[in-house]
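Report on one structure; see the data block that follows.
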Amino acid sequence: MLLSLVGQPGCRCSRNEPTNEASHQAREAACRAACAAYFTAGCGPADAPPLERSDCQAACVAKSAVSERAGCRREREAFLSCLARDTLDCSAVASAPAAALERAEGAAACSAELATFSRCFAPCAEPGTVHLGDTRDQGRLASAELTRHGCEQCPDKLGPGAPEGSPCTVARVCAQQCCGCDAGPGHYLARACVDGTCAGRALACDVAPRATGHEVCP
C-alpha cells in the first residue's frame, strides 16, 4: 500500500491531462456510442420502464469525468470503445443500459478492458462505504474503521473523537484521520485503536487497510 499524509493535487496529470472542452466532447461521443450499442441491440430487463438514451449517456459521462480525475482516461476510452464495437448478447444483460454498460453485461469480449479500467479506477470507487476490522498487526492488537472517500479531497471537518494517545478499546471512539494515496487522487478516512491507544494520522492510515482487509491505494 502506498499512501500520502497530505492532500493530492487531483490527477495523475503527467499521463492523462485533458480536462477542457475538447475532452468533454470526447467523453460525450464515447458514451453516446457505447450507450447506442445497448439501445440498438434492444438489451435491458423486460420489465424495466422505457429509458432514453440521454439517461445512459449522462451517467456514463459523469463516470468518465471522475475517471479522468483518477488518471484513467485511456483505460476508460479503451473500455467504452470496446463496448461500442462489440456485438452484445442481450440474454446476458440483466440491468438497465446505464448500469449494464458499466458492468459490461452482454459484452464478454470486453472483460479484459473492464478489468484494466476497474484496477485503475479502484482507489476512487465506492465513496462513502465503511469497513471495520480487527487484527494483530506487527505484534500489536488493532481495531480500525476505514471510510472510502473517492477522488475527492478529505473534508475540512473530520469525524470527531478522542485525540491521539487517548485510551480506547474500539476504533470508533478515536478521532478520524485523512489519508491519501501516493499514486493518484484516491482518499480514505481512518480511525484506529492500537494496543488500547488512539492512533494518530500516520499510524491510523497505515494500519486501517490491513485491519479492515480493504486496501484503497494500489
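Each reported figure results from applying straightforward, stated rules to the coordinates on display, with no laboratory input. Note that the structure is predicted; figures quoted are calculated from it, not measured. Neighbour counts run over all protein chains shown; Cβ positions are idealised from the backbone, glycine included.
Write down Rg/Rh for segment 21-122, rounded to two decimals, with Rg from the C-alpha atoms and Rh from the Kirkwood relation over Cα pairs. Checking Rg against Rh, the ratio lands at 0.95.
Structural size metrics of the chain, computed from C-alpha coordinates, are Rg and Dmax of 20.3, 61 Å. Placing a label point 7 Å from the Cα of Glu152 along the Cα-to-Cβ direction, the residues of segment 51-70 whose backbone N falls under 19 Å of that point are 59-70.
Ranked by Cβ crowding within 10 angstrom, fewest neighbours first, how are Thr169, Thr116 ordered?
Thr169, Thr116
Backbone geometry of segment 120-125 corresponds, through the Karplus equation with coefficients 6.51, -1.76 and 1.60 at θ = phi - 60°, to 3J(HN,Hα) couplings of 5, 7, 3, x, 9, 7 Hz, x marking Gly and Pro. Taking the Cα centroid of segment 128-174 and of segment 20-38, what is the distance between the two, rounded to the nearest whole Å? Cα centroid of segment 128-174 versus Cα centroid of segment 20-38: 39 Å apart.
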